[in-house]
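Structure first, then comments.
The values are calculated or read from the model by the stated rules, or taken from the named source; none is laboratory data. It should be emphasised that the depicted structure is a prediction, and the values quoted were computed from it without experimental measurement. Neighbour counts are summed over all protein chains in view; Cβ atoms, including those assigned to glycine, are modelled from backbone coordinates with ideal geometry. The accessibility values were calculated without ligands, DNA or RNA, using every heavy atom of the protein model including side chains. Shrake-Rupley method; radii C 1.70, N 1.55, O 1.52, S 1.80 Å.
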Amino acid sequence: MAVRQCEVRGATEESVAFGRAARELELKPREFELAVQLGAVRTVASGPGRRRRVSRAEIERHRSADGFPEGLRSRLWVVGTAEGAELMGISPARFGRLARGGCFAPVRFYVNRYRAVVWHYLAADLVDFADRNPELLTGRTPSLLRTALEEREDRRGRSWRARRLDQLLAQTDDPWERAAVTASVLSPEDLAAGVPDPNERAYVTGLRPALVPARSDAMAAHEVIESVLLAEDPDEIEWHRHRLTVALAQARAVRPAPAPDAAPGPMPSPAAPVTGTEVHADTEAVAGAAAEAATTLAAPARPRGLWDRLRRRT
């Protein structure tokens, strides 16, 4: 669950840049990046440009916690399909079906040298799902859930987008910035349809955050990455356009979009080159089908190795 991050305008409390905070928290760069996105490490906006930093109090909160740094690292432990399947005690094929059905949301992805999207998941999410849904880990997949999985498209991208938007929305209370977050998963055509006023559209476009950090070595994978970053299915597009309409109405009620010469310069496209990124998805439909279809199946034996490893880490 994303934790609302503190917005401190003109903050006076001592804070440090991300690089130093990562070192003091004994996290690798990718671990720290994920910690910030998940809200595990809270940030503040400070100084010119409201750049985000980490307060001294936040660093001390973690360093004084029991089990530091392993306790923090365990919350950031990510796994791929093979390790995730082993952790849950199921086959990679079953794991893939559950993931494609949106039963748990990816937290990060990268594009490999074959231009294929490789998804990563929080180990804690998988353990939580297995604890709550043991009937889905063994035997035949309940018919209602099986039908839902067969009829739905691969929901991993959609699940990741939902999680990422929640993370970004947690970072701002500004109504125009919140509208821009929602707009960041819409194509130029869908954005134009959702924001017909050219001045407002230019302002929202300039405020759109990057969904993923830019990577200079990923130009060849641009189209693959864009397919993950942008909503493609009509129902998802319609949902985000509805949310954008609501967000725009709230923003207009606070203040109008500034004149074009006062609008911020264009930000990087949401499809900026990347090789990896990180964020919970709405899985109620699949979970509901599972709950309705399966009520008496026995829970499987736990794979003690990785399961116990996660328990020790937490």
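Being part of a helix (DSSP H, G or I) and open to solvent by 50 Å² or more (accessible area, probe 1.4 Å) is true for just one of 154, 173, 166. Which residue is that?
166
Set side by side, the residues 104, 109 differ, and just one is assigned to a strand (DSSP E or B), surrounded by 16 or more Cβ atoms within 10 Å (Cβ to Cβ) and not small (Gly, Ala, Ser), which is 109. Within the option set 257, 179, 192, being modelled with pLDDT of 95 or more and in a loop (DSSP other than H, G, I, E, B) holds for one residue only, 257. Of all the listed residues (94, 53, 63), the sole one being surrounded by fewer than 18 Cβ atoms within 10 Å (Cβ to Cβ), farther than 27 Å from residue 143 by Cα and either out of contact with any helix residue (DSSP H, G or I) (no Cβ under 6 Å at 6 or more places or on another chain) or acidic (Asp, Glu) (or both) is 63. Of a type in the set (Gly, Ala, Ser), at pLDDT below 95, surrounded by fewer than 18 Cβ atoms within 10 Å (Cβ to Cβ) and in contact with a helix residue (DSSP H, G or I) (Cβ under 9 Å, 6 or more places away or on another chain), is that true of residue 143? Here the answer is yes, as residue 143 does meet what is asked.
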